[in-house]
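Visitor: A single structure is presented below for examination.
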Amino acid sequence: MKWEGNRESDNVEDRRSGGSGFGGGGLLGGRSIGIGTIVVALVGGWALGINPLTILSLLSGGGAPSAQVQSQTPAQKPPANDRMASFVSTVLADTEDVWTDLFAKSGSTYQKPRLVLFRGGTPTACGQGQAAMGPFYCPGDQKVYIDLGFYETLQNKLGAPGDFAQAYVIAHEVGHHVQNLLGISARMDRMRGRVSTADYNILSVKLELQADCFAGVWANHAQSTRQILEQGDVEEAMNAAAKIGDDALQRSGGGVVVPESFTHGTSAQRQRWFDTGLKNGSVKACDTFSARNL
């Protein structure tokens, strides 16, 4: 991926020097489940001998967001010589450029999210964030949270190396922010408790696949305007999407594939919807909620 020398976002907050930040308490209720949440399900399943989707179900369970005490430490920018921080700052800036333009073309104003770098744990408006959960988006404060150590897990535990696989992770979480701005996340939350668990799982799959598609939309426009892609980049993202499919996780746990328990979509579905966004570059093409076939 061609990223060095490109603009870095100013909307990056570095909390890594502030320690774990524990004290906010509580689970992350009422938030969009991000790519990284799947990793704790996978790794936890390996360690505990539990089906990863069972853990995932617990992590994505209901409950209203609890009031949290936010960090009082002034926001700091990452150091200039931190290569990985520069990378995610550059990817965030690229998503800002793409979504600002797309929102403007639709007559709206894009509200840029903040990206929080933390280590161990940190308080959020959605509850206590922990590194084991991987990257996630909190609609309560419109921030994407990531412990950069997640990328080692992505490469070494999940078998999804490459800088564009890493960029895909950020773009997916920003996709959840776009859903929040469009009111999709709020409509989803209102359905919690009103439908059966099986029906809510279906809605969750559609939400996650749409975020994958939005990540593809970003890649489409970033490529057309800045030619960021290098040979093998798309394959890196498609491989990452395949590694975190619900069916792949279930098989890795040694269990039987149970489609009714899926909350994020199969490997093939995640690849298909990322590819849909990548090829079409259209938000309308990402309407997973109206699609007859996912």
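Every number here is computed from the coordinates shown, using simple stated rules; none is lab data. Keep in mind that what you see is a predicted model, and the values were worked out from it rather than measured. FYI the Cβ positions are ideal-geometry reconstructions off the backbone, even for glycines, and counts take in every protein chain you see.
Visitor: Set the Förster distance to 35 Å, then compute FRET efficiency between LYS2 and ASP141 from the Cβ-Cβ distance, nearest 0.05.
Guide: It comes out at approximately 0.65.
Visitor: What is the distance, in nm, between label points placed 7 Å from the Cα along the Cα-to-Cβ direction at ARG251 and at ARG192?
Guide: 3.2
Visitor: Still on this structure, I have one more. Starting at the first residue of region 193-207, write each ³J(HN,Hα) from the Karplus equation 6.51 cos²θ - 1.76 cosθ + 1.60 with θ = phi - 60°, in whole Hz, x for Gly and Pro.
Guide: The phi angles translate into x, 9, 10, 5, 4, 4, 5, 5, 4, 4, 5, 4, 4, 5, 5 Hz.
Visitor: Hey, another quick one. Can you list residues whose amide H is under 5 Å from GLY127's amide H, if they're 5+ apart or on another chain and H is modeled 1.01 Å from N?
Guide: It is none; the list stays empty.
Visitor: So how do MET188, MET133, MET84, MET238 line up by other beta-carbon neighbours within 10 Å, fewest first?
Guide: MET84, MET188, MET238, MET133
Visitor: Given labels modelled 7 Å from the Cα in the Cβ direction, how far is it in nm from GLN76 to GLN111?
Guide: 2.8
Visitor: Also, quick follow-up: For GLY245, list long-range residues whose amide hydrogen, built 1.01 Å from N in the peptide plane, is under 5 Å from its own amide hydrogen.
Guide: It is SER267, by chain and number.
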